[in-house]
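Below is one structure, written out as structure tokens, with a few remarks after it.
The values are calculated or read from the model by the stated rules, or taken from the named source; none is laboratory data. Since this is a predicted model, take the numbers as computed values, not measurements. For neighbour counting, all protein chains shown are included, and Cβ atoms are generated from backbone atoms with ideal geometry for every residue, glycine included.
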């Protein structure tokens, strides 16, 4: 399954994109999502130039696409590749600004892959789960062979770094290292749209037992203040430039969420608001649970799943945030499957959505060996058919688990086993 996904990306998806770009005259350069951030960091720290400026944006476009985008060419990409990140991302990239980007690209790809593997172990620690070695190996292989992760590694997408930092923070919370957990989570705010929901929940959780949990708040807030202040030191007034960059990004990319794509841009925001309000209500009710409680990692996974559904971007690499949810579902699978008919149906839909990309990649890989590459490339979209359904169905399964916790029904608590409960 994992091998077929890498084969699909390398031998079917990428060749299709190259051929399609050639036919339509689309530019192809470095095409690394890390490149605009690396150029911005280099220009700010080495050459003392504003990474949000139009001049730096033009330099980024030339490297990323191979030439400047031309608004008179209808087939040119719409993404201007601006430096649309908080300026303090340059501090994380500072060690790489003097290294040629060709080497940075290789190091970051392997580094993100390694960090993704570490995320599995960190989430297992956060869930207080010690499965058999074979189960862990399967998790590792299928995670690295998941389309979203393969896509993120190929693009050197910083979402994989953010996902790893969130996992590390969760593991530190489970181990009682609240101060360091807050520091690590603050570093993840280089992509605030992915971190604000989970940070909001964890700050509420910490404030609900200030005496025992205040170290998390201090770690997060002081680190965040340091990052913002240091950013202001190296680039005064950066917040306004960052906001302008985000507004421009939303304008030229559309900025729709998975919900918008599924149920239209009119109904999508309404459902997103309802989902956020429901999450806030559940979070308020469970705000006092200790980190050792089964409800704590479940709600944490639920918040991250909600984030993937409402974030204003349809990006498969954000599916790394669904990793704790998948682990929880696998752990409680027998109890979920034996539950109500509605839960049974939702579990079946989630399984089908998750498995389909591998089924399709296996089929396309086999077909590509017996037919011409052009024929296989015509079906390049097949593994992506369930991309929007994956976070929605996983969120639905988590809702069943969460409702069982909230109802406090002893017969259904097995759907979220306690930390010290023996597992087979």
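General remarks:
Conditions (1) in a helix (DSSP H, G or I); (2) in contact with a helix residue (DSSP H, G or I) (Cβ under 7 Å, 6 or more places away or on another chain); (3) at pLDDT below 95, marked per residue:
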position	(1), (2), (3)
226	yes, no, no
229	yes, no, no
241	yes, no, yes
245	yes, no, yes
250	yes, no, yes
263	yes, yes, yes
271	yes, yes, yes
299	yes, yes, no
302	yes, yes, no
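- Of all residues in region 174-224, exactly one satisfies the criterion of being closer than 25 Å to residue 241 by Cβ and outside any helix (DSSP H, G or I), namely 191.
- Some residue of region 92-112 being outside any helix (DSSP H, G or I), crowded, with 17+ Cβ neighbours inside 10 Å, at pLDDT 95 or above and out of contact with any helix residue (DSSP H, G or I) (no Cβ under 7 Å at 6 or more places or on another chain): no
- Within region 252-261, considering residues that are touching a helix residue (DSSP H, G or I) at 6+ places or on another chain (Cβ under 7 Å) and at pLDDT 80 or above, the one farthest from residue 76 (Cα to Cα): 259
- Filter pass, residue 115 being touching a helix residue (DSSP H, G or I) at 6+ places or on another chain (Cβ under 7 Å), surrounded by 17 or more Cβ atoms within 10 Å (Cβ to Cβ), part of a loop (DSSP other than H, G, I, E, B) and in contact (Cβ under 8 Å) with a residue 12 or more places away in the chain: no
- Extreme residue, nearest to the chain's Cα centre (by Cα), among residues of region 126-152 that are part of a loop (DSSP other than H, G, I, E, B) and surrounded by fewer than 15 Cβ atoms within 10 Å (Cβ to Cβ): 130
- Selection of region 310-345 for residues being crowded, with 21+ Cβ neighbours inside 10 Å and either under 16 Å from residue 399 (Cβ atoms) or free of Cβ contacts under 8 Å to residues at least 60 places away in the same chain (or both) yields 310, 322, 324, 325, 326, 328, 329, 332, 336, 343.
- Test: residue in region 18-30 that is in a helix (DSSP H, G or I), surrounded by fewer than 17 Cβ atoms within 10 Å (Cβ to Cβ) and touching a residue at least 60 places away in the same chain (Cβ under 8 Å): yes
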